[in-house]
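Taken together, the values in this text are just the output of simple stated rules run on the coordinates, not laboratory data. Computed from a prediction, not measured in an experiment: that's the story for all the values here. Cβ sites come from the backbone with ideal geometry, for glycine too, and all protein chains shown count toward neighbours.
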Amino acid sequence: MSKDARPLRYPFWIANGVIPMLRPVLLGGLKKKGPKNPLRISGAENIPRTGPVLILANHRSYLDPVVLQYASRRPIHYMSNRNIFDMPRVGDLLRFFRAFPVETNTPDRSAIDYSLKLLEAGEVVGIFPEGGCPDEYPTPIILPPDLKPGISLILRRAEVPVICAWLSNVDEFMPPPGQGLVASKNPIQIVFGETRRFPPRTDRDEILGWVSSELTRLANIGGGDFGSRR
């Protein structure tokens, strides 16, 4: 991706037409697989109604971006693993919904620059700071070393509000590939925290430490579910 690439903002007809129409579709699909009220959302009103905002969430399922978008009334531009864009039809769908690729195994300056341009344009950017769905969950806490350091660079350069979100039980509706789909008895829970800003010279460890503690705090509010230990 070129550093000079202009950000693809959400056109009006997608932001105010397509995305709202998909909410009842997702809700109906989850009801068929689980309880009558499969989604419980808390704190979504903390997302600023206008202006740039960065959303950081834990990652346990490929369904996480869809669920997070359901909980947000504003369209979200997602940073997604570059490999997923090579999947037939999936890559086209991601591009349609304004997701953009990132190399998760190495610092990706172009993805960071693109995120900053979106934020400068007043958009909402969603990032899973773990860099993907972990194969193992050895501890019930997301520690600072588990987080990609690039998020601290974005926060220091953008100086925009950041809000963390914890998603629980999403992997019960859509487990990792190869594990099949099973009916869930537990509702999906989405808990948003309060927004925060970081000054440009904030230490990287302070930022990563806050993200780690905030995600852990929200997980406890959401019932203490830290995802399945597969």
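Overall, the chain carries a charge dipole of about 760 debye about its Cα centre when +1 sits on the Cβ of Lys and Arg and -1 on the Cβ of Asp and Glu, all other atoms neutral.
Rounded to the nearest 20 debye, the dipole magnitude of region 38-94 is 140 debye, with +1 charges on Lys and Arg beta carbons, -1 on Asp and Glu beta carbons, and the Cα centre as origin.
Dipole magnitude for region 1-123: about 600 debye, using +1 per Lys or Arg Cβ and -1 per Asp or Glu Cβ, origin at the Cα centre.
Shown for 13, 166: other C-beta atoms within 10 Å of each C-beta, ranked fewest to most, produce the order 13, 166. The count of lysine pairs in the chain with alpha-carbon distances below 27 Å, taking only pairs 8 or more places apart or on different chains, stands at 7.
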